[in-house]
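The values are calculated or read from the model by the stated rules, or taken from the named source; none is laboratory data. Everything numeric here is computed off the predicted structure, so don't read it as measured data. Please note: Cβ atoms are built from the backbone with ideal geometry, for glycine as well, and neighbour counts cover all protein chains shown. Protein only, heavy atoms only, side chains kept; ligands, DNA and RNA dropped before computing areas. Shrake-Rupley method; radii C 1.70, N 1.55, O 1.52, S 1.80 Å.
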Protein chains: 2
Amino acid sequence: MVVDQLRETELDRLFQAFADSTRRDIVRRVTVTEYSVSGLAALYAMSFAAVQKHVAVLERASLVTKEKRGREQIVRGNHEGLQKARWLLDEYEQVWRQRAARIADILAEE
Amino acid sequence: MVVDQLRETELDRLFQAFADSTRRDIVRRVTVTEYSVSGLAALYAMSFAAVQKHVAVLERASLVTKEKRGREQIVRGNHEGLQKARWLLDEYEQVWRQRAARIADILAEE
DNA sequence: ATATCGTACAACCAAATGGTTGTAGATCAG
DNA sequence: CTGATCTACAACCATTTGGTTGTACGATAT
């Protein structure tokens, strides 16, 4: 289905976004406190543009929001993306538990 | 720290592995039933070698195990990787909840 | 013994990723 | 107004990724 396709690429972006330690660190920080993009850039040993790109990746993945304030762009954590990722992994955990239960049933049948 | 570095690249591999719909599908399937690599390959519209590579990525991320049986290689789900990914996201959720609680406290103070 | 099956692996390719520098447009401070 | 600051974005580069085909080799079946 087409809808599923959208959901899949959404998940691609989500997990892709998490697959970088700098980005994971950014997510952690902006969950606690808001930062400007340059405020974030000051934290890492890379160029402003590089951090800017990381923030863009996180924004596309709904893990972060940006809001203009004066000449700054304020970055904040976005619970939405995190929840979706957790929801998917919980589903997988569910499948795993069902399998464990099934195996337990089979063992009990003998 | 060096240990942290190892942990970070481990997480990189984990989330990178999840960032592909074919690989997510493989993880789901091999959690329910075991498959040979060629058995998996038959399911997707891509070459055997491509699926083989996907399985290798999942194995490196501890999301799957391979075991030789005769001329086949049996692929099974590995709970270890999934647990680590869930654990990390739970940590992030925890940070989020602390923030929410802090905000609630501030509002209550007035 | 020979052909077939399942796997591994190398070589190759196009596209994406993660980084850089440079340029330009807003916004703010003096 | 001028200069400094914050951001956006383009162009470029090396490496990785996700795919391909082809070759080789052990295990199985006839």
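Give me the lysines in straight-line cross-link reach of B:LYS66: C-alpha distance below 28 Å, same-chain residues under 8 apart excluded. Within the straight-line cut-off, B:LYS66 pairs with B:LYS53, B:LYS84. The mean number of Cβ atoms from other chains found within 10 Å of a Cβ in peptide B:12-23 is 5, as a whole number. Other residues within the sphere of radius under 15 Å centred on the Cβ of B:LEU40, judged by their own Cβ, net out at +2 (K and R +1, D and E -1). Taken over the protein assembly as shown, the percentage of Cα pairs per 5 Å bin, counting from 0 up to the bin with the maximum distance, is 1, 6, 13, 16, 16, 15, 11, 8, 6, 4, 2, 1, 0, 0, 0. For segment B:40-109 versus segment A:18-53, the inter-centroid distance based on Cα atoms is 24 Å.
Computed log10 I(q)/I(0) for segment A:39-110 at 0.12, 0.19, 0.23 Å⁻¹: -0.53, -0.84, -1.01, from the Debye equation with unit scatterers placed on every C-alpha and solvent omitted. What is the local net charge at B:GLN94, summed over the other residues whose Cβ is closer than 13 Å to its Cβ (Lys, Arg +1; Asp, Glu -1)? In short, +3. About its Cα centre, the protein assembly as shown has a charge dipole of approximately 580 debye under the convention of +1 per Lys or Arg Cβ and -1 per Asp or Glu Cβ, with nothing else charged.
If you place +1 on the Cβ of every Lys and Arg and -1 on the Cβ of every Asp and Glu, how big does the dipole about the Cα centre of chain B come out, in debye to the nearest 20?
740
When you restrict to C-alpha pairs under 8 Å that are six or more residues apart and normalise by the size of segment B:10-110, the relative contact order lands at 27 percent.
Note on exposure: B:LEU6, A:LEU58 ranked by accessible area (1.4 Å probe, complete protein assembly) read B:LEU6, A:LEU58, with the most exposed listed first. Lys and Arg at +1, Asp and Glu at -1: add these up for the other residues within a Cβ distance under 11 Å of A:ASP12 and post the number. Cβ neighbours under 11 Å give a net charge of +2.
So which trypsin sites (Lys or Arg not before Pro) in segment A:51-109 are both in a DSSP loop and have at most 15 other Cβ atoms within 10 Å of their Cβ?
Passing both the DSSP loop test and the Cβ count: A:ARG71.
Helical content of chain A, expressed as a calculated mean residue ellipticity at 222 nm, amounts to -23500 deg cm²/dmol (DSSP H runs of 4 or more residues, -39,500 (n - 2.57) each, divided by residue number, nearest 500). Helix A:21-32 versus the longest principal axis of chain A: what is the Cα-based angle in degrees, 0 to 90, to the nearest 10? In chain A, helix A:21-32 runs at an angle near 80 degrees to the longest axis.
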